[in-house]
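Worksheet: the structure to be examined is printed underneath.
The values are calculated or read from the model by the stated rules, or taken from the named source; none is laboratory data. Remember, predicted model here, so these are calculated numbers, not experimental data. All Cβ positions, glycine included, derive from the backbone under ideal geometry; neighbour counts span all protein chains shown. Accessible surface areas use protein heavy atoms only, side chains included; no ligands, DNA or RNA. Shrake-Rupley method; radii C 1.70, N 1.55, O 1.52, S 1.80 Å.
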Amino acid sequence: EFGSDSIVPVSVAAMKEYYKQFDPRSYLRYNYIPPRADFTRTDSIVPWKLSCLHRAFQEGDVHGRTLIDIGSGPTIYQLLSACEHFSNIIMTDFLEVNRQEIRRWLHGEPDTFDWTAFLQHACELEGKGCSWPEKAKRLRTAIHDVIPIDVHSPNPLHPYSLPELADCLVSSFCLEAVSPDRTSFQKALTNLGTLLKPNGHFLMIGALDESYYQVADGVHIPVVPVDQEFVSATLKSCGYEICTFQCYTLPQDMKVGVDDVAGIFFVKAKKK
Ligand code: SAM
């Protein structure tokens, strides 16, 4: 088992090996129930993320047809605002178990994770009187595919051929969690740039100063610790201009023993 106190040299290949142990249900339970997803608190992690995404789309400059969510995992919350603005959403993940979890939700199968409170909260942020079942329907209609991805490949969606480049990329907790070091984070960001149109936006959420997280009971995966300075500089070096950069510091009671994350960043960047 990898622990925060052990320094293990890692490679891209080793990271892929670690991910074989990722358990979607456990991951959802660690991160997507209270206190981390407590909609009665504005200082809870998930409400903070949802308001950042909501605001980014409210600004009115992020639009088009195709949006790709990078490293979706077993979650859909990151697309609740996006589905009001993009009619062709493509979800992606490295693991079939995660793609399967998403497909099961898309098909309305029983015993999938309950996203109701997330859907309701997104409706409240929009304030248009949309009901949560309507929201779920809109999201399901907007998602056109759930496909494999490897951000470490120069052609991340291979063998899928994208009919057109994306107008927007969304990614939450992916690059730092799948890269063994800062160099491969930067390379992965370069690879993703090939999927995005010039003038397209990248909305990225990620962990600040995290060195590991739990992916199944008793299983920790190394994370490359990043800070605002590194993420900004890397985006700029890959040809983006930074529109907004927001940081959130974890309140003490959100530290529930499943990672050593210190905070969360949200960045809205535009490809030049
Ligand atoms: N986006 C979700 C969220 O916000 O909770 C899941 C994030 S989870 C921390 C990281 C995700 O990256 C996992 O779903 C994992 O399967 C995926 N992943 C692992 N290796 C990858 C790779 N080489 N390329 C793309 N995604 C990868």
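Of note:
- The range 73-87 residues that are more than 7 Å from the ligand (Cβ to nearest atom) and polar (S, T, N, Q), paired with ones that are in a loop (DSSP other than H, G, I, E, B) and open to solvent by less than 10 Å² (accessible area, probe 1.4 Å) (beta carbon under 6 Å, 6 or more apart): none
- One residue alone among 66, 42 is modelled with pLDDT under 95 and either of a type in the set (Val, Ile, Thr) or surrounded by fewer than 20 Cβ atoms within 10 Å (Cβ to Cβ) (or both), and that residue is 42.
- Filtered by the rule that a residue be open to solvent by less than 10 Å² (accessible area, probe 1.4 Å) and within 21 Å of residue 36 (Cβ to Cβ), the range 224-249 gives a lone residue, 226.
- Any hit, the range 183-191, residues being open to solvent by 10 Å² or more (accessible area, probe 1.4 Å), at pLDDT 95 or above and outside any helix (DSSP H, G or I): no
- Residues located in the range 12-35, provided they are outside any helix (DSSP H, G or I) and either open to solvent by 50 Å² or more (accessible area, probe 1.4 Å) or free of Cβ contacts under 8 Å to residues at least 24 places away in the same chain (or both): 23, 33, 34
- Among (1) more than 15 Å from the ligand (Cβ to nearest atom); (2) free of Cβ contacts under 8 Å to residues at least 60 places away in the same chain; (3) part of a loop (DSSP other than H, G, I, E, B) - the single one residue 164 does not satisfy: (2)
- Residue check for residue 201: open to solvent by 10 Å² or more (accessible area, probe 1.4 Å) and either within 9 Å of the ligand (Cβ to nearest atom) or of a type outside the set (A, V, I, L, M, F, W, C) (or both): no
- Flag for residue 131 being under 16 Å from the mean Cα position of the chain (by Cα), among the hydroxyl-bearing types (Ser, Thr, Tyr) and modelled with pLDDT of 95 or more: no
- Scanning the range 110-142 for residues that are part of a loop (DSSP other than H, G, I, E, B), out of contact with any Asp or Glu (no Cβ under 8 Å at 6 or more places or on another chain) and more than 17 Å from residue 39 (Cα to Cα) gives 110, 111, 128, 129, 130.
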